[in-house]
1. Out of Phe194, Phe138, which single residue is under 15 Å from Glu100 (Cβ atoms) and in contact with a helix residue (DSSP H, G or I) (Cβ under 7 Å, 6 or more places away or on another chain)?
2. Would you say Ile185 is in contact with a Phe, Trp or Tyr (Cβ under 9 Å, 6 or more places away or on another chain) and under 23 Å from Gly104 (Cα atoms)?
3. Please determine, by comparing only the residues of the stretch 199-215 that are open to solvent by less than 60 Å² (accessible area, probe 1.4 Å) and part of a loop (DSSP other than H, G, I, E, B), which one is farthest from Leu86 (Cα to Cα).
4. Identify, from the list Leu176, Leu218, the residue that is more than 15 Å from the chain's Cα centre (by Cα), on the phi < 0 side of the Ramachandran plot and outside any strand (DSSP E or B).
5. Out of all the residues in the stretch 60-88, which are over 18 Å from Tyr111 (Cα atoms), open to solvent by 60 Å² or more (accessible area, probe 1.4 Å) and out of contact with any helix residue (DSSP H, G or I) (no Cβ under 6 Å at 6 or more places or on another chain)?
6. Cβ-Cβ distance below 6 Å, separation of 6 or more or different chains: which pairs start in the stretch 202-216 with a residue that is over 11 Å from Tyr182 (Cα atoms) and end on one that is outside any helix (DSSP H, G or I) and open to solvent by less than 100 Å² (accessible area, probe 1.4 Å)?
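The values are calculated or read from the model by the stated rules, or taken from the named source; none is laboratory data. All values derive from a computational prediction rather than experimental measurement. Quick reminder, even Gly has a Cβ in these numbers, built from the backbone with ideal geometry, and neighbours come from all protein chains shown. Keep in mind that these areas ignore ligands, DNA and RNA; they rest on the heavy atoms of the full protein, side chains included. Shrake-Rupley method; radii C 1.70, N 1.55, O 1.52, S 1.80 Å.
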Amino acid sequence: MSLFSYFKYYLNAKTKYQIHSPFVFEFVQEVLEDQRNYYYFNTIKHFINRIKNDTTPITDPISGLKTKVSAVARAQYLSPPVGQLLFKSINYYRPSTLLEFGTGLGLNTLYQCTPSTSLPFHTFEANKALAQVAKENFQILGIRHVQLHSGPIEEKANALLSSSAAPDYIFINCDLPSSFLYQLIKLSHSNSMFVINKPHTKGKKHWDWFCQQETISLTMDLYDI
């Protein structure tokens with residue numbers, strides 16, 4: 001976290017009493033201020049803590065560089081409050097077509113796929129080594145409704161999007177070209193929700209791009225997402 005960027009964000013942030021949009025006010029009351037501790041939270045927390053101490057080596061299939069599962073986990077996972085916020089958002093709005101770009105080890109996926117285990121959750125990961133670990137993590141937790149697509153993201157996603165319903169929920173956790181983002185917007189509908197991870201750091205390019213699109217009717221900066 002950049003202290004300067006957070007301080008700048010804090011000075012410009014608004015409370016719910018300064019909000020005029022009925023949708024945003026409802027989001028604050030029903031999602032942001034939801035204090036319930038869902039039973040999946042402890043399961044996810046304990047599992048992530050275990051993965052953060054896993055020293056199993058991973059070799060990048062392209063660069064050949066080696067790292068450890070624990071190092072990737074610590075760099076990629078969402079903090080529990082942010083992960084729980086995604087869970088509560090999905091639980092409240094009940095999207096039926098959910099996409100995630102940038103699976104990583106699947107740790108962030110856990111918060112997003114568990115509000116409903118009856119709906120398919122599609123997640124895409126370009127790095128096949130990470131995707132394999134994510135697949136194993138899902139198997140350990142008995143998660144069967146997550147469909148993991150490993151390999152070139154645009155190629156895999158286009159094959160799915162050409163035959164599926166318009167996406168209701170899209171989580172972006174990796175670098176995607178603007179041309180593909182345009183395509184996602186064209187396929188979405190007026191109630192589709194795009195979530196950009198870390199909009200002030202690694203996701204800043206995507207966040208800035210979305211804020212400039214005239215077809216985006218509302219943006220909310222929660223700092224972490």
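1. Going through Phe194, Phe138 in turn, the sole match is Phe194.
2. Against the criterion (in contact with a Phe, Trp or Tyr (Cβ under 9 Å, 6 or more places away or on another chain) and under 23 Å from Gly104 (Cα atoms)), Ile185 does not qualify.
3. Among them, the one singled out is Gln213.
4. Leu218
5. As a first pass, look at the stretch 60-88 and keep what is over 18 Å from Tyr111 (Cα atoms): 60-71.
Narrowing further to those that are open to solvent by 60 Å² or more (accessible area, probe 1.4 Å): 61-63, 65-66, 68.
If the condition is that a residue be over 18 Å from Tyr111 (Cα atoms), open to solvent by 60 Å² or more (accessible area, probe 1.4 Å) and out of contact with any helix residue (DSSP H, G or I) (no Cβ under 6 Å at 6 or more places or on another chain), then Ile62, Ser63, Leu65, Lys66, Lys68 are the ones that fit.
6. Matching pairs, first to second residue: Gly203/Ile196; Gly203/Asn197; His206/Ile172; His206/Ile196; Trp207/Ile196; Trp207/Pro199; Cys211/Thr219.
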